[in-house]
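Participant: This is the structure I want to talk about, given as structure tokens.
The values are calculated or read from the model by the stated rules, or taken from the named source; none is laboratory data. Note that this is a predicted model, so its numbers are computed, not measured. No Cβ is skipped: glycine too gets one built from the backbone with ideal geometry, and neighbour counts run over all protein chains shown. All accessible areas refer to the heavy atoms of the entire protein, side chains included, with ligands and DNA or RNA removed. Shrake-Rupley method; radii C 1.70, N 1.55, O 1.52, S 1.80 Å.
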Amino acid sequence: MSTHPMPLFRYIAAPLAIVVGTIPAHASEHDEQIWTSMTGTTTLFDNVDATLELHGRYTDEVSRLGQVLIRPSLTLRLPRGWSATAGYVYVHTRFARTVANEEHRAWEQVAYIFKQDRATGLSISGRTRVEQRFRSDSEGVGWRLRQQLRAQLPLPRGPLRVVVWNETFVGLNTTRWDRHKGIDQVRTFIGASLPVAVAARNDDRPELQ
């Protein structure tokens, strides 16, 4: 009788220190921040992945850990590079001179690939995400749309990848704790990501892409 243990994490990716400059902290202020993240993904079934993302954001002129996000999710991989994902996010926020708060989010997402060049490794993709946001200290459900476009290109040598992305946040309604309706923020990132652990498997099946 043979058994096939569940594959170990297919990869764990950790972007290099992400420096995000001049992010608006208030209407007339800017705050230098460093955002870090780590992502681990494992295959549950042939076309279903489980992912856990951990994010730490150092705020208030990079003086303290102002925000922590924990984001587990399940992804159904579809033909032609499409995928459908559902997940949850726990967000703990405590900026300087503000009261700490906790936010819970349910979210659904569709991701797709516009271009994938096997010769160069260039990948251009997009994702459309809808969030339902809850606060433990207030009533109301905030609905938000997030649209991201992303390009990724491996460098000729080594595992380092150049990453460029842009994401627009659109509030679909208002609540007592969030009055932002319409375009709330636009994030743009130019940097690099570095896989820190490669696939580890207990069977002979080829790695799923």
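Participant: T168 to T120: extension gain in nm, 0.36 nm per residue of separation minus the Cα-Cα distance?
Facilitator: 14.5 nm is the gain from fully extending T168 to T120.
Participant: What FRET efficiency do you get for W177 and L74 if R0 is 35 Å and r is their Cβ-Cβ distance, rounded to the nearest 0.05?
Facilitator: 0.80
Participant: Once both labels are modelled 7 Å past Cα along the beta-carbon direction, what's the I34-Q147 spacing in nm?
Facilitator: 3.4
Participant: How much accessible area per residue does the stretch 120-198 have, counting only protein heavy atoms and a probe of 1.4 Å, in square angstrom?
Facilitator: Normalised by residue count, the accessible surface of the stretch 120-198 is 58 Å².
Participant: Let me ask something else. What spacing in nm lies between the two simple spin-label points modelled at A100 and Q185, each 7 Å away from Cα in the Cβ direction?
Facilitator: 2.0
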